[in-house]
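Everything on this sheet refers to the single structure shown next.
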Amino acid sequence: VEQQVLDFIKHRFPQDCNWLDDNCYFFAEILASRFMGDVVYDPIEGHFLFYGYDENFYDWTGRRDYTEKQRSKMILWDGYSTKDNLHYKHIWRDYIK
């Protein structure tokens, strides 16, 4: 799976269009849709990533390695609004909208 994701990124997104900043949520959504995974939010970096069923995290740079402690801080975006609606609205307003 990892090589498929990396090849997809390289082939479809050769240029950085703010995929690591303003558009990281949208990039994670594209990968999640294409590779049937999840979108997660890293509250430490303020960054969205794709989490694949191979249990790896990806963004425009490719696979991102995290320690177990860092992994435990990741927020699964799907359904987060029901867990912490106030924080969800803040992230939505500042990073997605």
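Some values worked out for this structure:
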item	result
Entry for Cα extents along the principal axes in Å (calculated from the structure that is shown) out of (1) 38, 28, 21; (2) 66, 27, 19; (3) 48, 25, 21	(1)
The chain, accessible area per residue, ligands and nucleic acids excluded (1.4 Å, Å²)	65 Å²
Residue among TYR58, TYR95, PHE35 farthest towards the positive dipole end of the chain, charges placed on Cβ	TYR95
Whole-percent carbon and sulfur share, accessible surface of the chain, 1.4 Å	48 percent
R0 of 22 Å, Cβ-Cβ distance GLN70-VAL1: FRET efficiency to nearest 0.05	0.60
Number of Lys pairs (Cα under 26 Å; 8 or more positions apart or on different chains) in the chain	7
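The values are calculated or read from the model by the stated rules, or taken from the named source; none is laboratory data. Just so it is clear, the model here is predicted, and its values are computed rather than measured. Glycine gets a Cβ as well: all are built from the backbone with ideal geometry, and neighbour counts include every protein chain shown. Each accessible area value is taken on the protein alone, full model and side chains, heavy atoms only, with ligands, DNA and RNA left out. Shrake-Rupley method; radii C 1.70, N 1.55, O 1.52, S 1.80 Å.
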